[in-house]
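Take a look at the structure set out below.
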Amino acid sequence: AGRCEGKLALVTGAAQGLGAAHARRLAEEGARVLCTDINGDGAADTARLVNEALDREVAFAVSHNVTDPSDWEAAVDAAREHLGGLNVLVNNAGIGVAGNIETCDFEDWKRCFSVNVDSIFHGCQKALPLMREHAPGSIINISSIAGLIASDTMPAYNSSKAAVWMLSKSIALHCAKNNMDIRCNSVHPTFVDTPILDGTAKAHSLDKGILLEKLARQIPLRKVGEPDDIANAVVYLASDESKFMTGAELKLDGGISA
Ligand code: NAD
């Protein structure tokens, strides 16, 4: 049997990159998966590809802006309808914005916090009631190694991802102390080859291949991550294999923080 048999998972930001990999790996391990994204067509493409590859209908999709509480209500309703409940919530959608502390535009700062942090606040408030009905459950928040290690060039991203890290611990303690049988952990990848790095390459006027080589040289393992390196950690956290793990951070960083 798959490692996530019986799991009912909602993955945000599932149109591409890491979110699409989490959705595919969870489904491969037996979960039913609701793919959500502000790019609803992209989320639908992810679900279609998963179902085609597995030759069964286990992935579904809805359009969902994670900054909008009423969209969260609709997404939770869609989980009830398509999955039959919810017990795994992967808060993956996230953005970076440009600028150091002197140049970062305040609107960009707020947008970064809205997508990366407010999303988890709304998501937990809207999803926890249904998750409690389908416990055991797992909330998996995709932070970043940038939530643990600072850089002068991304104060908004650094501090939003640090907020995700600490928020995850607070959620974990709340769920544990109220006997919900729901765990919450954060995941901290270093650079992974996804479309998010297209933006980074453009911002530095670099060819993406050159950027990947430059990034790889900063990592002790001498390579950037692959989406499945992170998605496999999400499978572990979603499954009951990690049933004693809550309030923890899982670093997938090629040794960069060692
Ligand atoms: P990506 O840009 O390739 O994909 C992000 C997805 O989120 C996109 O499909 C986008 O449409 C969606 N999204 C953006 N705003 C949204 C909103 N308001 N509502 C719903 N969906 C929205 O990024 P990725 O590399 O796959 O990153 C996924 C997560 O992993 C992010 O939280 C990111 O910060 C984190 N992360 C990525 C890396 C990396 O190097 N790729 C490293 C560390 C952490």
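Please treat every number below as a calculation from the coordinates, not as lab data. Keep in mind it's a predicted model, so treat the numbers as computed, not measured. Glycine also receives a Cβ, built like all others from the backbone with ideal geometry; neighbour counts cover every protein chain displayed.
Quick notes
- GNM flexibility winner over the chain from 162, 43, 176 (Cα, springs under 10 Å): 176
- Length added when fully stretched, residue 206-residue 150, from 0.36 nm per residue minus Cα-Cα: 17.9 nm
- Tail weight of P(r) past 31 Å, computed on alpha-carbon pairs of the chain, percent: 19
- Among the trypsin sites (Lys or Arg not before Pro) within region 1-100, those in coil by DSSP and having at most 15 neighbouring Cβ atoms inside 10 Å are 56.
- Rounded Å value of the spacing that divides the Cα centres of region 104-154 and region 227-258: 16
- Applying the criteria of a DSSP loop state and at most 13 other Cβ atoms within 10 Å to the trypsin sites (Lys or Arg not before Pro) of region 190-225 yields 222.
- Distance from the alpha carbon centroid of region 31-83 to that of region 167-188 works out to 24 angstrom.
- Scaling the Cα radius of gyration of region 114-258 by the globular reference 2.2 N^0.38 Å produces a ratio of 1.12.
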